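For reference, the structure is listed below as structure tokens.
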Amino acid sequence: MSAFVNYVADDVRGSPLNLAVVRVLLGIWVVWRVLSLEWAAYGEWPEFHVDETIGFLHQELFFTLLPYQQWVVAALLVLFIVGYRTRWTGGLASLLLMHMLSVKATIYLAGTVESLFVCAYLILLFALFAEDDPLSVDGVRRTGGRSLAELNAVLTDGTDRTYRMRALKWGLLAVAIIYVGSAWGKALNGPLEIWLSGAELQRDILFYGELTGIDRALGAPIVEHEWLAWAGFVGTAAVQVSLFVAAVLGLSVTLPIIGIIGFHVSVILTLGLYFIDMILVLSLFIAWDGIYRRVAVAADESVRVGYDDHWSGCVRTLVILAHLDVTDSVEFVSQSDAPPALADRKEGLVLVRDGSVYHGYEASRQLLSQFRLCAPLAFAMATPPVRALGTRLYASAAPARS
Amino acid sequence: MVYVLFFLGTLGILAVARRQYAREVWLAGFFATLLAVTLVGMPLLPVVDMHKFAQPSEEEETYYEIRMVDAAGNELRVDDRATPPVTGTRTSTVAGQLAEGYTDDQRLEMGEFYLANAREHRQAVESGERSVTDRLQPPRYVDDEAWTAAELREYEAFEAIRIYEHTVVYSDDNTAVESNEERLRVTIDPTDGTVTEHEAGR
């Protein structure tokens with residue numbers, strides 16, 4: 001089990017969790033970033049202070065709109081985070097954000113802007129491959145459009161559920177290419193000799209020390225020892241290229257990503273607080289489902305659940321829970337072919353754990369407690385007032401039986 | 001125009017995303033552009049590269065500095081927080097333009113822009129108010145030195161800006177800065193409408 005996932009080599013996972021986690025993390029991060037930038041200030045710059053190559057973006061109207069557009073982007077992103085109509089909320093949020101960043105770039109295309117562009121590409125990829133993502137509002141809505149037979153099949157063919165994550169596959173490839181560019185840029189502009197000594201890094205650290213008037217924690221040792229500076233310079237290029245190489249060759253990307261994060265941390269310690277967004281971007285490729293498998297599912301206790309395969313509300317809810325069941329700890333049996341112990345025509349739901357049998361509301365509570373993420377909910381459902389209310393709701397939701 | 005094409009094309013692809021080859025076409029276009037941009041090192045918005053710290057350094061390097069000048073003639077380094085979104089390297093570029101690129105009219109306009117923003121920012125720092133939204137801000141890109149209220153108390157009203165040129169020379173083994181010489185280039189006083197070039201240095 002790798003700590004980071006090479007989606008370029010294989011974009012199929014046994015759980016849909018990673019897509020949902022990345023969508024939420026990415027969305028929250030970008031909302032925070034977008035609402036924190038001083039959009040209103042950019043239009044105040046004198047007009048002649050423009051990057052002429054993109055002068056067509058330097059329009060009064062564009063600058064006037066920026067402070068309002070940030071709220072539109074934030075609103076769209078909130079819908080994106082919960083996964084509501086991802087194709088359009090994500091797609092429009094991403095395009096609008098890219099336009100705002102491009103307008104800002106006429107004043108100054110800083111690293112923050114470039115990192116946010118990368119985030120925007122990832123959001124756009126989520127929009128393009130929106131249907132890959134079942135743990136979302138869209139995913140729940142889609143269960144409504146599927147026939148009971150299809151949904152029942154999802155539940156009863158439980159053990160080999162697989163999920164494609166194309167957004168993360170292409171996202172990882174884009175990030176890898178961009179990092180190759182970081183290393184390539186030095187080869188493109190610099191003479192060959194700069195690869196043979198640490199002078200480049202030493203001078204950069206000294207120069208930024210002078211420019212900002214701040215001494216950095218890791219600056220002094222690297223400046224004083226040329227071999228350290230050389231190792232830092234060449235090591236940077238090596239880790240930046242390694243991500244792409246590992247990704248396309250189908251090797252583990254864990255070491256390359258940890259290497260690049262290490263590089264970012266050392267940049268912060270030697271030059272200043274640059275590129276923190278990229279640390280977030282790289283963390284998105286963590287194997288979240290692996291962590292979840294270890295901490296969030298009571299794997300040792302498997303249960304059997306008999307359910308009413310004609311009760312559509314129940315089946316749709318169970319499908320969502322089935323997506324969370326990464327260890328296949330729940331075996332779903334439809335009542336049409338359930339043994340008598342798992343059949344309860346009246347209550348609709350039966351759960352068997354360790355020989356104990358639960359029915360109806362209590363069965364649903366026991367099922368939720370199977371997932372530690374839902375443990376607080378399961379705990380609340382055991383308290384008398386919630387139980388009283390829940391039992392009545394359950395009874396009214398259950399299909400009427402003759 | 002590639003820019004407009006990108007947005008229209010992407011919207012079109014989003015609309016027909018489920019059709020065969022639609023997304024493949026978008027991916028092919030996007031990755032071809034990304035590769036080209038990355039190879040050449042020139043962003044083609046909205047597709048960017050990240051060639052960072054890519055310019056090789058020389059034995060001797062120049063940067064420019066903007067300083068605020070108060071009524072008594074005291075000088076204070078500029079705080080980039082006053083004029084978002086720039087940081088040190090960009091301020092240096094602007095200052096370089098002020099030293100030799102811009103016309104006098106442009107110098108005065110930019111000088112006024114810097115002064116107005118500096119006054120506004122100074123007021124915010126001196127009042128010591130930090131709103132809840134300020135506290136929720138992500139860390140600033142490049143954590144350079146900020147003005148402090150205590151520091152600002154020593155100064156009278158800002159009236160002009162001065163541009164300094166710095167020449168940094170590294171020692172032979174690159175383990176230290178041998179010298180960092182500063183030379184006053186221009187004083188821009190939008191209040192009087194005067195621009196004074198200082199050719200001979202201090």
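All of the numbers you see were taken from the coordinates with simple rules; none came from a lab. On a predicted model such as this, the values are computed, not experimentally measured, just so you know. Note that we place each Cβ from the backbone using ideal geometry, even for glycine, and neighbour counts take in every protein chain shown.
If the cut-off is 20 Å between C-alpha atoms, which aspartates and glutamates fall inside it for residue A:346, apart from same-chain ones fewer than 8 positions away?
In chain and number order, the partners are A:308, A:309, A:337, A:362.
If you average the alpha carbon positions of the stretch A:229-290 and of the stretch A:60-95, how far apart do those two centres end up, in angstrom?
29 Å
Taking residue B:52 as the anchor, which lysines have their alpha carbon closer than 17 Å to its alpha carbon, excluding any fewer than eight residues away along the same chain?
A:186
Where nothing but the Cβ of Lys and Arg (+1) and of Asp and Glu (-1) is charged, how large is the charge dipole of the protein assembly as shown around its Cα centre, in debye to the nearest 20?
Using Cβ point charges on Lys, Arg, Asp and Glu, the protein assembly as shown gives about 4200 debye.
Dividing the convex hull volume of the alpha carbon atoms of the stretch A:12-289 by its residue count, what do you get in Å³ per residue?
Dividing the Cα hull volume of the stretch A:12-289 by its residues yields 148 Å³.
Which of A:115, A:182, A:283 ends up with the largest GNM mean-square fluctuation for chain A, with Cα atoms connected below 10 Å?
A:182
Starting from the Cα gyration tensor of chain B, multiply each eigenvalue by 5, take the square root, and state the resulting semi-axes largest first in whole Å.
Calculated on Cα positions only, the semi-axes equal 41, 24, 18 Å.
Using only DSSP helix segments of four residues or longer, with each worth -39500 (n - 2.57), what per-residue ellipticity at 222 nm results for chain A after dividing by its residue count and rounding to 500?
That calculation yields -20000 deg cm²/dmol at 222 nm.
Which three lengths, in whole Å and largest first, does the protein assembly as shown cover when its Cα atoms are put on their principal axes?
Computed over the Cα atoms, the extents are 102, 50, 47 Å.
In deg cm²/dmol and to the nearest 500, what is the mean residue ellipticity at 222 nm of chain B if only DSSP H runs of at least 4 residues count, each as -39500 (n - 2.57), divided by the residue total?
One gets -11500 deg cm²/dmol as the mean residue ellipticity at 222 nm.
For chain B, set up a GNM with springs between Cα atoms under 10 Å and report which of B:107, B:135, B:162 has the largest fluctuation.
Highest fluctuation among the options: B:135.
Over chain B, with a Gaussian network built from C-alpha contacts below 10 Å, which listed residue (B:67, B:140, B:77) shows the highest mean-square fluctuation?
Fluctuation is largest for B:140.
Which ³J(HN,Hα) values, rounded to whole Hz and listed in residue order, are derived for the stretch A:372-384 from phi using the Karplus coefficients 6.51, -1.76 and 1.60 in 6.51 cos²θ - 1.76 cosθ + 1.60 with θ = phi - 60°, glycine and proline given as x?
5, 4, 9, 4, x, 5, 5, 5, 4, 5, 8, 6, x
Nearest 5 is fine: what % of DSSP beta bridges in the stretch A:296-400 come out antiparallel, could you say?
65 percent
Please work out the Cα center distance from the stretch A:9-38 to the stretch B:2-63, rounded to the nearest Å.
Using only Cα atoms, the two centres lie 21 Å from each other.
Out of B:51, B:25, B:138, whose Cα points farthest toward the positive end of the dipole of the stretch B:1-138 (charges: +1 Lys, Arg; -1 Asp, Glu; placed on Cβ)?
Farthest towards the positive end: B:25.
Could you compute Rg(Cα) / (2.2 N^0.38 Å) for the stretch A:274-386, with N its residue count?
That works out to 1.29 for the stretch A:274-386.
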